[in-house]
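Bear in mind these aren't lab numbers, they're just calculated from the coordinates by the rules spelled out. Please read these numbers as outputs of a predicted model, since none were measured by experiment. Glycine also receives a Cβ, built like all others from the backbone with ideal geometry; neighbour counts cover every protein chain displayed.
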Amino acid sequence: MPVRTNQKQRTRAAIVAAARDLMGSGADVAMPEIARAALVSEATAYRYFPDLVSLLSEAMAGTWPSPAEALAPVADSADPVARVAFATEFLLRRVHTFRGSVRAMIAGTIARPDSVPNRPGHRFGLVDEALSGADLAPAELARLKEGLWVVASAEAFFTLTDLCGLAPDDAIASAVRTASVLTRAALKKEDS
């Protein structure tokens, strides 16, 4: 029995490792490619993971820094606009780097909304961290966060690159500008 358990653990680890390797390449990510890279059949991969979203969630676990670690370079800044700009750029650069797996995750959660809890949602922690200490009324802070969740998102990045034809750097710069404008406007509104 222990030999079988060890083999199952090795197979699962090989599938997760293959997913991580493929994710890091930026290439499209799908179960057949992951299975092939793990040297298992696609059916075997599905025995370990019911869907691609579940596998990608496990493969992503621990690969992204915490929001505080991600924003460490601006940790001493008291300027929420600068912190939001940094968080937005950080997120979207990672989205670009891992675009194949991010696309697969989005597609999977759209096709199966019940799998949404498996989606990491890094933007939420980054926005929260970037706005920590911002002097805003709770209702205004909530509205600002909602706006930033739309702007600092993989969906916004892919809209700008795929539909609008922007180069990745230009798409990131556009999202950073928009996030900065939203933040600045919320802070000015609170000051008046």
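Couple of notes before you dig in:
- ARG103 versus THR44: modelled label distance in nm, points set 7 Å from Cα along the beta carbon direction: 2.8 nm
- For region 51-109 and region 117-188, distance of Cα centres in Å: 12 Å
- Expressed in units of 2.2 N^0.38 Å, where N is the residue count, the Cα radius of gyration of the chain is 1.18.
- In this label model, ARG143 and GLU89 are separated by 2.9 nm, measuring between points 7 Å along each Cα→Cβ vector.
- Anchor LYS188: aspartates and glutamates whose Cα lies under 14 Å away (excluding residues fewer than 8 positions away in-chain): ASP79, ASP135, GLU140
- Secondary-structure-derived ellipticity at 222 nm for the chain, considering helices only, amounts to -22000 deg cm²/dmol, per-run term -39500 (n - 2.57) for DSSP H runs with n ≥ 4.
- Backbone HN-Hα couplings from phi across region 56-70 [Karplus 6.51/-1.76/1.60, Hz, Gly and Pro as x]: 5, 4, 5, 5, 6, 3, x, 8, 9, x, 5, x, 5, 5, 4
- Efficiency of FRET between LYS189 and ILE110 - r from beta-carbon atoms, R0 30 angstrom, step 0.05: 0.35
- Cα-projected label distance for ALA30 with VAL181, points at 7 Å along beta-carbon direction, nm: 3.8 nm
- Charge sum, other residues only, whose C-beta stays under 14 Å from ILE34's C-beta, Lys/Arg counted +1 and Asp/Glu -1: -2
- Student exercise, the chain dipole from Lys, Arg, Asp, Glu Cβ charges, in Debye to nearest 20: 720 debye
- Once the Cα atoms are used to define both axes, helix 168-191 deviates from the longest principal axis of the chain by about 40 degrees.
- Sites GLN9 and ALA72 - FRET efficiency at Förster radius 25 Å, r taken between beta-carbons, to 0.05: 0.15
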